[in-house]
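The values are calculated or read from the model by the stated rules, or taken from the named source; none is laboratory data. Just so we're clear, the structure is a prediction, and the values are computed from it rather than from any experiment. Cβ placement follows ideal geometry from the backbone for every residue including glycine, while neighbour counts extend to all protein chains displayed.
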Amino acid sequence: MPNYFSIRRSDPPEERISISDRGTDALMNILLLAASELAETESQKRMTVWLAEHDRKRGRGTMGFCIAEMPWAAESFAADKRFLVAVTDAASQQTGWEKLDYRPNSDALMPMLRWFRKAFFRLQPADVNPHALESWLADMEPDDPALNGYPRCPRHGIYLSWCGCQICNS
Ligand SMILES: [Zn+2]
């Protein structure tokens, strides 16, 4: 089953990227290693936890998503966009890969990272779902890691979501 990623929900199919299940697991592993290393602000930690929820094994089924549906906050839009571009660069530079017990297929992952880098770069404030952050927070259980100090996996160092550690799970 491919997983589909796009900038906006309304984007035509040729602008989406489709990634296999195994590719999606590895892509999320390396994005989370980089994001957990780089996240400094509350909104950047939230973005990282949101990504971690897209855990194909434990999370919400098919794991594609639209970048416009991430929990963007108007006041930190530009900084968070720069953060996510930097996350794709850090993932390309294999940040944290030594924590994995396998060797990610760099040749296969690089085109995906390039797609995400460009997509984050191209995203405009008008593309964003203005209610995504509010409704995501409203749906959280009180014990959600994002409401409890952003705990990390002791083994992999990445932020946990309600699914647990995406790397342990995959
Ligand atoms: Zn882990």
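Those residues that are in a loop (DSSP other than H, G, I, E, B) and either in contact (Cβ under 8 Å) with a residue 60 or more places away in the chain or loosely packed, with under 15 Cβ neighbours inside 10 Å (or both), I need them from the stretch 1-23; list them, please.
1, 2, 7, 8, 9, 10, 12, 20
Out of all the residues in the stretch 145-163, which are free of Cβ contacts under 8 Å to residues at least 60 places away in the same chain and under 17 Å from residue 54 (Cβ atoms)?
153 - this is the single residue of the stretch 145-163 that is free of Cβ contacts under 8 Å to residues at least 60 places away in the same chain and under 17 Å from residue 54 (Cβ atoms).
Could you tell me whether residue 44 is among the polar types (S, T, N, Q), at pLDDT 95 or above and either closer than 20 Å to residue 145 by Cα or under 12 Å from the mean Cα position of the chain (by Cα) (or both)?
Yes.
A quick yes/no check of all residues on (1) more than 16 Å from the ligand (Cβ to nearest atom); (2) crowded, with 18+ Cβ neighbours inside 10 Å:
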residue	(1), (2)
70	yes, yes
78	yes, no
82	yes, no
100	no, no
119	yes, yes
132	yes, no
139	yes, no
153	no, yes
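Going by the structure shown, is residue 105 closer than 19 Å to residue 49 by Cα and loosely packed, with under 13 Cβ neighbours inside 10 Å?
For residue 105, the condition - closer than 19 Å to residue 49 by Cα and loosely packed, with under 13 Cβ neighbours inside 10 Å - is not met.
What residue, among those in the stretch 25-81 that are in contact with a Leu (Cβ under 7 Å, 6 or more places away or on another chain) and in a loop (DSSP other than H, G, I, E, B), is nearest to residue 154 (Cα to Cα)?
The qualifying residue nearest to residue 154 (Cα to Cα) is 71.
Go through the stretch 137-161 and give me each residue that's hydrophobic (A, V, I, L, M, F, W, C) and in contact with a helix residue (DSSP H, G or I) (Cβ under 7 Å, 6 or more places away or on another chain).
Selection gives 140, 146, 153, 158, 160.
Results for (1) among the polar types (S, T, N, Q); (2) surrounded by fewer than 16 Cβ atoms within 10 Å (Cβ to Cβ); (3) within 16 Å of the ligand (Cβ to nearest atom), shown as yes or no for each residue.
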{"site": "122", "(1), (2), (3)": "no, yes, no"}
{"site": "136", "(1), (2), (3)": "no, no, no"}
{"site": "159", "(1), (2), (3)": "no, no, yes"}
{"site": "164", "(1), (2), (3)": "no, no, yes"}
